[in-house]
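Encoded as structure tokens, the structure appears first; notes follow it.
We did not get these values from a lab; they are worked out from the coordinates using the rules stated. Everything numeric in this text was worked out from a predicted model, so none of it was measured. Cβ placement follows ideal geometry from the backbone for every residue including glycine, while neighbour counts extend to all protein chains displayed.
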Amino acid sequence: MLTKKFPGGVHPPAYKHLTRDLPIKSMPSPKKVVIPVLQHTGAPCSPLVKPQEKVKLGQKIAQADKLISSSIHASISGTVSRIEPFNHPVLGRYPAIFIEGDSSGDVEEKPKHLPSRELSADELRKLIQEAGIVGLGGAAFPAHVKLSPPREKPIDTLILNGAECEPYLTCDERLMRESPREILKGLEIIAKIINPQKIFIGIENNKKESIRIIEESVRQMGLRNIKILCLKTKYPQGGEKQLIKAMLNREVPSGGLPFDIGCLVHNVGTALAIYEAVYEGKPLYERIITVAGGAIKRPANLKVRIGALISDIVEFCGGFIEEPQKIIIGGPMMGLAQFSLDVPILKGTSGILFLTEDELNLEEGGPCIRCGRCIEVCPVKIMPAQLALAAEKERWDIARDLDPLDCIECGACSYICPTRRDLVHLIKLAKLATAKTTKQNG
Amino acid sequence: MDRLIVSSSPHIKAKDSCSRIMWAVVAALIPTGVAGVFIFGLSALKVITVSVLTALLTEGIIQKLRRKKLTTLDGSALITGILLAYNLSPDVPLWLPAAGAFFAIAIGKQAFGGLGYNIFNPALAGRAFLLASWPTHMTRWSNPRWQVDALTTATPLAILKEKLPQNVPSYWQLLMGERGGCIGEVCILAILAGALFLLCKGYIRWHTPFTFVFTAGLSSWVFMGEGLFKGDWLFFILTGGLFLGAFFMATDYVTTPLTKKGQIIFGIGCGVLTFLIRKFGGYPEGVSYSILIMNAATPIIDRYTKTRKLGLVKH
């Protein structure tokens, strides 16, 4: 099969062998969960419950008031103990709903629903919105918004993203191997809503088994309109814009979104969540994460409740065999380093890594030697070296002209830099400064 | 769990570090040095040693004075020391490489802010300084040690330019280094061996050296003969310091353009300038000045060779 690729990119060691053959295990529901009222890209939700109120598993506990927002559901049955700010893996501290589990066990509150073929596109969209589904690939963009493209920009191509290019992470790979039919049914629902002409599934060629299983299921289910494309294993292949470039050779315009060029990309995990919402009436209160890294005793692919704390997961995975130097939510390239174990799992959390000193590179950054490697690997083809130099000197006027806002923060430049410069960090500063001046100038 | 490190992503880094690349360049320069010592004898080794030691010492002392982190052994000062020596005749008095290496590091590199900030290739800056200050020492050459005639000779380019009554060496002799010249420029074969290693490792790109040599060869073929398209291009590219310059000095990261497009422009510029200096200039050789001039043009080349960002739509 011909493999598809995008310009630029890097080849970090994959570390996927550590977890790729570990079947997904369900972690028992924790005694306590902490559910932040903002877990997605967009506006926060307003709580629907009060302290001391009893809640059931799957009950909506926070309501999305704005369009770009997504409702949040209880991930265990129990009592709301308090609503107050708590550690948030992305935002530092943020208001959260604390639920203490009770002995009644998980009693699920299932809404009535109809089989998908009898539902209209609008009804399906509503169902997905009610189930609180967001993009599970990492950015956590509300799914129903993506499924409502503007009328003047029809979607002709639907892409299911099974690239999973971040090192260590294997949760999407496991999903494709364990639930291919459910994923494909989820994909069919998406297709029914947006009615595209073409449907592609993109999988990196280091996941041969996933490709085989998905292909087989596609054949068995008689889905002739779905085409599977094999992607070259290269980071960041799973980035939306890189995926579209590699698969269709189309470029998302700078500052635009995939629907500007008639594309819609959804992650395999999201497709599964959509399937579960539509066929089983299950809101998004749990997800699959990869737990890995040299410090954890038993690496795993786990199905965990949203709001479970990292400390619970560490306990379930047998604790540490050595003290981790860094705890990362997400993958090692784009994930966020955490300062505590008391941090909850969010809808967008794809993994937790407990990295040891050997796995990290803690060398101090040096001066730029202008080797040009960052420019070569940059998947959006901006010039990280010069952008970072401008940011270092706080010359925001120069930085602005070097397109910092196009940066997708994939980290390829920092990864490849021989003098270990914190290029992404500097570019983020330039982004902030540029966004500010653009706002000021109207 | 109170000692967790919190820093910006990414959390993993590629293996190739700055000093790893620099030391690879040092390794790639070794065959050329061995050939130089073999051809010219121990005097060449002395020149290399003095140049390298002075470069390292100067770098260390200045970093100490500037209260900067000591990075003397990251390989970069070592490369400067080696390259400067390679650009000298084996017969120079030993204070000459010392003065040159001091100038290269102190003025050529550290005065601009150290590694990464210098505009000119430090080794070439050192050489230019020596050539301006002590021209007689810089233009006295000796033959390979097994050739019995005269201790002093001229480089093949000078023989041609000044129409000296000596035989010019054959292409084979030029390739193997059997001729008068600088320590590191004579044995093309050794230079190419080192360059091939760096190209295979991906530590240098082909864009500058190939366009440099190609442009120089092409322009000499067209204009250096009696009548158009009759120039001896092979002689032209095999003589002087063209290969040493193209593969080891025009590929210096710091002082050359960032993008491939820029590097091609840089190479073409070097080739044309080398030809112009050799044909019309006062010196028989023009490689080092052509690189220095293009070093000065690098910021402006960078400005006009920005990458085309993804998703750039025409309005």
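Of the trypsin sites (Lys or Arg not before Pro) found in segment B:146-211, the ones in coil according to DSSP and having at most 16 other Cβ atoms within 10 Å of their Cβ are B:Lys163. Pairs spanning more than 20 Å between alpha-carbon atoms, out of A:Lys245/A:Lys439; A:Lys66/A:Lys146; B:Lys201/B:Lys306; B:Lys163/B:Lys230; B:Lys68/B:Lys109: A:Lys245/A:Lys439; B:Lys201/B:Lys306.
For segment A:194-237 versus segment A:1-59, the spacing of their alpha-carbon centroids is 22 Å. For chain A, taking a cut-off of 4.7 Å between Cβ atoms, the unpaired cysteines are A:Cys45, A:Cys165, A:Cys171, A:Cys230, A:Cys263, A:Cys317, A:Cys368, A:Cys371, A:Cys378, A:Cys407, A:Cys410, A:Cys417. Per-residue Cβ neighbour counts within 10 Å put B:His11, B:His207, A:His17 in the sequence A:His17, B:His207, B:His11, beginning with the fewest.
Once the C-beta distance of A:Asp342 and A:Glu364 is scaled by a Förster radius of 45 Å, the resulting FRET efficiency is 0.90 to the nearest 0.05. For A:Asn195, the shell of other residues with beta-carbons less than 13 Å away shows a net charge of +1, using +1 for Lys and Arg and -1 for Asp and Glu. Beyond 26 Å, what percent of the Cα pairs of segment B:177-315 remain? Across segment B:177-315, Cα pairs with separations above 26 Å total 26 percent. Using the alpha-carbon centroid of each, what span in Å lies between segment B:195-240 and segment B:246-261? With segment B:195-240 and segment B:246-261 each reduced to a Cα centre, they are spaced 16 Å.
Note on chain B: helix-only mean residue ellipticity at 222 nm, from DSSP H runs of 4+ residues weighted -39500 (n - 2.57) and normalised by residue number, equals -17500 deg cm²/dmol. Qualifying trypsin sites (Lys or Arg not before Pro) in segment A:12-107, where qualification requires a DSSP coil assignment and no more than 14 other C-beta atoms within 10 Å, comprise A:Lys31, A:Lys66. Pairs of alpha carbons in segment A:158-201 separated by more than 11 Å make up 68% of all such pairs. Taking the longest Cα principal axis of chain B as reference, the axis of helix B:42-65 is set at about 30 degrees. Contact order, relative form, for segment A:341-442: 28 percent (alpha carbon pairs under 8 Å, 6 or more residues apart, mean separation divided by residue count).
Charge tally around B:Leu73: other residues with Cβ under 13 Å, Lys/Arg +1 each, Asp/Glu -1 each, net 0. Projected onto its three principal axes, the C-alpha set of segment B:220-289 covers 39, 22, 19 Å, listed from the longest axis down. Cβ crowding within 10 Å, taken as a proxy for footprinting-reagent exposure, orders A:Met334, A:Met176 from fewest neighbours to most as A:Met334, A:Met176.
Remark: A:Val49, A:Val424 ranked as A:Val49, A:Val424, counting other beta-carbon atoms within 10 Å and listing the fewest first.
Among DSSP beta bridges whose residues both lie in segment A:260-352, state the antiparallel percentage, nearest 5. The antiparallel proportion sits near 85 percent. Helical runs assigned H by DSSP (4 residues or longer) give chain A a calculated mean residue ellipticity at 222 nm of -8000 deg cm²/dmol, each run adding -39500 (n - 2.57) before division by the residue total. Fraction of C-alpha pairs exceeding 15 angstrom in segment A:111-193: 65 percent, rounded to a whole number.
Rounded to whole Å, give me the distance from the Cα center of segment B:287-315 to that of segment A:335-377. Measuring centre to centre over Cα atoms gives 31 Å. Here's the picture: a label point sits 7 Å out from the Cα of B:Glu226 along the beta-carbon direction, and within segment B:167-198 the residues with their amide nitrogen under 20 Å of it are B:167-169. Within chain A, the whole DSSP H helices whose Cα atoms reach 20 Å or more along their own axis and whose mean Kyte-Doolittle score is at least -0.5 are A:180-194, A:423-440. Taking a sphere under 11 Å around the Cβ of A:Tyr275 and counting the other residues whose Cβ falls inside, with K and R at +1 and D and E at -1, yields a net charge of -1. When only the Cβ of Lys, Arg, Asp and Glu is charged (+1, +1, -1, -1), the dipole of the protein assembly as shown relative to its Cα centre reaches about 1000 debye. The convex hull built on the alpha-carbon positions of the protein assembly as shown has an orientation-averaged projected area of 37.7 nm². Within segment A:370-442, the trypsin sites (Lys or Arg not before Pro) that combine a DSSP coil assignment with at most 10 other C-beta atoms in a 10 angstrom radius are A:Lys393.
For A:Lys25, the lysines whose Cα falls under 26 Å of its own Cα, not counting residues fewer than eight places away in the same chain, are A:Lys16, A:Lys56, A:Lys60, A:Lys110, A:Lys185, A:Lys207, A:Lys208, A:Lys282, A:Lys297, A:Lys303, A:Lys326, A:Lys347.
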